[in-house]
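The structure appears below as structure tokens.
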Amino acid sequence: TLGEKMRTDFERAYVTAHGNVAVMTFTHPDVMNAASAKLVAGATEALKFIERADSGFRAVVLTGEGKGCCSGANLSDRGSGSAMEPGESLQVIFHPFLRRLRDVKMPFITAVNGAAAGVGMSIALMGDLILASRSAYFLQAFARIGLVPDGGSTWLLPRLVGLARARELSLLAEKLPAETALEWGLINRVYDDGALLDAAIKMAQRLADGPTAALTLTRQLYGASPHNSFEEQIDLESKFQSLAGKSGDFWEGVQAFLQKRPAKFTGK
């Protein structure tokens, strides 16, 4: 794969470095990377590693090992008497992780290499840019096991594909192929299966070479947009523009424009 230099392992997740791009991979392929407490804990530690000030990473790609990206919550311990009830597991395990993905301090791409089902679909949709392989699919699987949609899907889906399609996905619990997801505007691009990860790394490198401080502020603006009135949003844009305008990247961008040369952003 492009430029891979090292691998750092965590519990059921690992990080590979591709220059200043980090690829975080869920690694429990036997269950198509179903999200257990162990996997989420390992992925959280991986994110902390990626965001360390001395890591040098300026963009991150999230994907899964094997044939699935994330097949939803791991149900293997159901019926053992030791598992948390579903609502509790959301509060304790999944909601903190989703918030962590929302607040990543750099551009964030998801590379959906197979099934993205249940809460795994919500995780996949947290990317600033969502790329998928042709064999990938998205599935609101909750109705198949007698549960309601969770992981923020009832908030995300109406905003991404509209209320009618969101209801259809959740009530019928049918697989949504990647090509249809692209047509619906749920995701950004589709690639041949063997080309997905390299394409995601190339796109992440393009972002990593950009003004990543401003790009992080941009992802925060879009995260806040659904909650805000127009007046609140333009006030937030003004606040963030002042922050971006004080950055070295703004100065570099202006100088590069005036000198008719490519800008060399540092993210500072």
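Under the √(5λ) rule applied to the eigenvalues of the Cα gyration tensor, what semi-axes describe the equivalent ellipsoid of region 124-268? Give them in Å, descending. Present the calculation step by step, with values, prior to reporting the outcome.
Working: eigenvalues 247, 93, 22 Å².
For region 124-268, the semi-axes come out at 35, 22, 10 Å.
Restricting to Cα pairs below 8 Å that are 6+ residues apart, what does the relative contact order work out to for region 206-265? Please round to a whole percent.
This gives 38 percent for region 206-265.
Taking 37 °C and 0.692 mPa s as the conditions, I'd like the Stokes-Einstein D for region 175-256 in µm²/s, using the Kirkwood hydrodynamic radius from alpha carbon pairs. Provide the component values of the computation, followed by the final result.
Working: Rh = 15.5 Å.
Once the numbers are plugged in, D ends up at 212 µm²/s.
Cα-based Rg of region 152-215 per 2.2 N^0.38 Å, rounded to two decimals? Working shown, then result.
Working: Rg = 15.1 Å, N = 64, 2.2 N^0.38 = 10.7 Å.
For region 152-215, the normalised Cα radius of gyration comes out at 1.41.
If you place +1 on the Cβ of every Lys and Arg and -1 on the Cβ of every Asp and Glu, how big does the dipole about the Cα centre of the chain come out, in debye to the nearest 20?
Values: 29 positive and 28 negative charges, 113 e Å.
The calculated dipole for the chain is roughly 540 debye.
Would you mind telling me the antiparallel percentage of the DSSP bridges in the chain, rounded to 5? Mind showing how you got there, number by number?
Numbers: 14 of 36 bridges.
Among the beta bridges of the chain, antiparallel pairing accounts for roughly 40 percent.
Using only helices, what value at 222 nm comes out for the chain when you add -39,500 (n - 2.57) per DSSP H run of length 4 or more and divide by the total residues, to the nearest 500 deg cm²/dmol? List each step's numbers first, then the result.
Numbers: 11 runs with 112 residues, N = 268.
Helices in the chain give a 222 nm mean residue ellipticity of -12500 deg cm²/dmol.
Counting residues in region 217-268 as N, plug N into 2.2 N^0.38 Å and put the Cα Rg over that result. Intermediate results must be reported in sequence, preceding the final value.
Numbers: Rg = 13.7 Å, N = 52, 2.2 N^0.38 = 9.9 Å.
In units of the 2.2 N^0.38 Å rule of thumb, it is 1.39.
Which links in K67/K264; K48/K239; K38/K268 stretch past 29 Å when you go from one Cα to the other?
K67/K264; K38/K268
I'd like the FRET efficiency for K239 and A164, computed as 1/(1 + (r/R0)^6) with the beta carbon distance as r and R0 of 30 Å, rounded to 0.05. Spell out each step's value before the answer.
Numbers: r = 36 Å, r/R0 = 1.18.
So, using R0 = 30 Å, E works out to roughly 0.25.
Determine the per residue accessible area of region 110-268 with all protein chains present and a 1.4 angstrom probe, expressed in square angstrom. List each step's numbers first, then the result.
Working: 8560 Å² over 159 residues.
In whole numbers, region 110-268 has 54 Å² accessible per residue.
May I ask you to work out the translational diffusion coefficient for region 178-217 at 4 °C, viscosity 1.567 mPa s, via Stokes-Einstein with Rh from the Kirkwood sum over Cα pairs, reported in whole µm²/s?
Numbers: Rh = 11.7 Å.
It diffuses with D of about 111 µm²/s by this estimate.
Note the per residue figure in Å³ for the convex hull of the C-alpha positions in region 122-182.
On the way: hull volume 5.0 nm³, N = 61.
Value for region 122-182: 82 Å³ per residue.
Using Cα pairs closer than 8 Å and at least 6 residues apart in sequence, work out the relative contact order for the chain, in percent.
Value for the chain: 16 percent.
Please work out, to two decimal places, the log10 of the ratio I(q)/I(0) at q = 0.12 Å⁻¹ from a Debye calculation in which every Cα of the chain carries one identical scatterer.
-0.75
So if R0 is 30 Å, what FRET efficiency would R100 and W184 give, r being the distance between their Cβ atoms, rounded to the nearest 0.05? Mind dumping the intermediate values first?
On the way: r = 27 Å, r/R0 = 0.90.
That pair, R100 with W184, gives E of 0.65.
Quick check on packing: order 221-230, 127-136 by the mean number of other C-beta atoms within 10 Å, highest mean leading.
Numbers: 221-230: 11.6, 127-136: 22.0.
The peptides rank, most packed first, as 127-136, 221-230.
Between rounded, prolate and oblate, where does region 82-157 land on the alpha carbon gyration tensor, with a ≥ b ≥ c its root eigenvalues, rounded for a/c under 1.5, else prolate if a/b exceeds b/c?
Numbers: a/c = 2.20, a/b = 1.25, b/c = 1.76.
The shape class here is oblate.
Heavy atoms of the protein only, probe of 1.4 Å, neighbouring chains included. What is the accessible area of T266 in Å², nearest 10?
My reading of the accessible area for T266 is about 80 Å².
For region 1-58, state the semi-axes of the equivalent ellipsoid (square roots of 5 times the eigenvalues of the alpha-carbon gyration tensor), sorted largest first and rounded to whole angstrom.
Values: eigenvalues 87, 36, 9 Å².
Taking √(5λ) for each Cα gyration eigenvalue gives 21, 14, 7 Å.
I'd like the carbon and sulfur percentage of the solvent accessible area for the chain, probe radius 1.4 Å, heavy atoms only, ligands and nucleic acids excluded.
Values: 7470 of 13590 Å².
Of all accessible area on the chain, carbon and sulfur atoms account for 55 percent.
Using r as the Cβ-Cβ distance of K202 and V254, and R0 as 25 Å, what FRET efficiency do you calculate, to the nearest 0.05?
Numbers: r = 27 Å, r/R0 = 1.08.
Efficiency, rounded to the nearest 0.05: 0.40.
The values are calculated or read from the model by the stated rules, or taken from the named source; none is laboratory data. If you're wondering where the values come from, they're calculated on a predicted model, not measured in any experiment. Note that we place each Cβ from the backbone using ideal geometry, even for glycine, and neighbour counts take in every protein chain shown. Calculation scope for accessible area: heavy atoms of the full protein, side chains included, ligands and nucleic acids excluded. Shrake-Rupley method; radii C 1.70, N 1.55, O 1.52, S 1.80 Å.
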